[in-house]
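Peer 1: The following block contains the structure, expressed as structure tokens.
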Amino acid sequence: MVIQTSSFVPGRRKFFLDILPAGLLLCFGWDNLLMFSQHEEKRNFLAKKHKFLEDSGMSFEEVYAFAFQGHLIPLMRNLEKDIGEKELIQALKKASSEASAQMMKKRTESLSRRDFEGFEAFIRIENPLLEHALTHEVVRETENVIEVRVTECLWAKTFREADAADIGYAALCYGDYAAAHAFNPEIRLIRTETLMQGNDCCNFRYVWEG
């Protein structure tokens with residue numbers, strides 16, 4: 001004998017009610033059956049991707065504009081009114097240098113080599129974020145010099161469009177010097193042009209002085 005149910009019982013619950021014999025259903029217990037069904041539904045719900053991890057549907061350019069132009073830059077401009085332009089830029093450069101050095105040390109703490117060859121290998125590691133935000137190439141490579149030319153930068157584009165290149169350079173570009181030094185104090189970054197400052201490229205030149 002099969003218990004027939006009305007059509008309003010949804011999904012998995014209807015499936016179980018349709019196929020279970022009456023005797024088994026009575027032994028199993030209606031309450032237990034409901035609990036089992038609810039447990040299954042909850043498990044399936046939890047198995048879905050958390051909303052924080054879902055695709056936002058925004059391009060990289062839109063994400064950068066939202067993050068920097070929509071919040072950070074206005075925040076920095078308001079702070080500038082309180083402490084002054086020069087003081088803000090100096091504070092950002094100091095904070096950027098310290099943060100960049102700390103980040104570099106953390107990212108490279110497991111590396112076995114911290115010489116120039118190790119540095120060369122490190123900067124060549126594929127990074128999906130950088131691949132979408134930068135257009136760059138290694139234009140020179142010797143035993144003690146690596147030159148990288150950056151011709152497109154989403155950070156520079158975002159800050160320049162908001163007329164905030166001064167903030168962008170201090171907060172994002174200036175820390176590159178400290179990052180190179182943090183990898184190895186014998187590595188010196190020489191850079192005379194940046195997209196953030198209105199040049200047609202960023203010319204990174206890493207020199208091994210060891």
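The values are calculated or read from the model by the stated rules, or taken from the named source; none is laboratory data. Since we're looking at a predicted model, the values are computed, not measured. Quick reminder, even Gly has a Cβ in these numbers, built from the backbone with ideal geometry, and neighbours come from all protein chains shown.
Peer 1: Scanning segment 187-201 for residues that are touching a helix residue (DSSP H, G or I) at 6+ places or on another chain (Cβ under 8 Å) and touching a residue at least 24 places away in the same chain (Cβ under 8 Å), which turns out nearest to R107 (Cα to Cα)?
Peer 2: I187
Peer 1: Follow-up question, since we're still on this one. In a helix (DSSP H, G or I), surrounded by 13 or more Cβ atoms within 10 Å (Cβ to Cβ), touching a Ser or Thr at 6+ places or on another chain (Cβ under 8 Å) and in contact (Cβ under 8 Å) with a residue 40 or more places away in the chain - does that describe any residue in segment 66-73? Break it down into steps so the answer makes sense when it comes.
Peer 2: At the first step, the residues of segment 66-73 found to be in a helix (DSSP H, G or I) are 66-73.
Retained after the next criterion (residues that are surrounded by 13 or more Cβ atoms within 10 Å (Cβ to Cβ)): 66, 68-69, 72-73.
Right, trim to touching a Ser or Thr at 6+ places or on another chain (Cβ under 8 Å) and you get 68-69.
Checking which are in contact (Cβ under 8 Å) with a residue 40 or more places away in the chain leaves us with 68-69.
Yes, segment 66-73 contains a residue that is in a helix (DSSP H, G or I), surrounded by 13 or more Cβ atoms within 10 Å (Cβ to Cβ), touching a Ser or Thr at 6+ places or on another chain (Cβ under 8 Å) and in contact (Cβ under 8 Å) with a residue 40 or more places away in the chain.
Conditions tested, residue by residue: (1) among the aromatic types (F, W, Y); (2) closer than 30 Å to E62 by Cβ; (3) surrounded by 12 or more Cβ atoms within 10 Å (Cβ to Cβ).
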| position | (1), (2), (3) |
| --- | --- |
| D115 | no, no, yes |
| V145 | no, no, yes |
| F159 | yes, yes, yes |
| I190 | no, no, yes |
| C201 | no, yes, yes |
| G210 | no, no, no |
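Peer 1: Output the number of the condition that E40 fails; it satisfies all remaining conditions of (1) assigned by TED's automatic domain parsing to the domain that holds G175; (2) at pLDDT below 85.
Peer 2: All conditions are met except number (1).
Peer 1: Among the strands (runs of 3 or more DSSP E) contained in segment 104-210, which hold 2 or more residues that are charged (D, E, K, R) and touching a strand residue (DSSP E or B) at 6+ places or on another chain (Cβ under 9 Å)? Steps first, answer last, please.
Peer 2: Working: elements: 134-141, 145-153, 187-190, 202-208.
Once the strands (runs of 3 or more DSSP E) in segment 104-210 are filtered for at least 2 residues that are charged (D, E, K, R) and touching a strand residue (DSSP E or B) at 6+ places or on another chain (Cβ under 9 Å), what remains is 134-141, 145-153.
Peer 1: Here is a follow-up. When E109 is evaluated against the numbered criteria (1) buried (at least 16 other Cβ atoms within 10 Å of the Cβ); (2) within 22 Å of Y206 (Cα to Cα), which criterion, by number, is the only one it fails?
Peer 2: Against the list (1) buried (at least 16 other Cβ atoms within 10 Å of the Cβ); (2) within 22 Å of Y206 (Cα to Cα), E109 comes up short only on (1).
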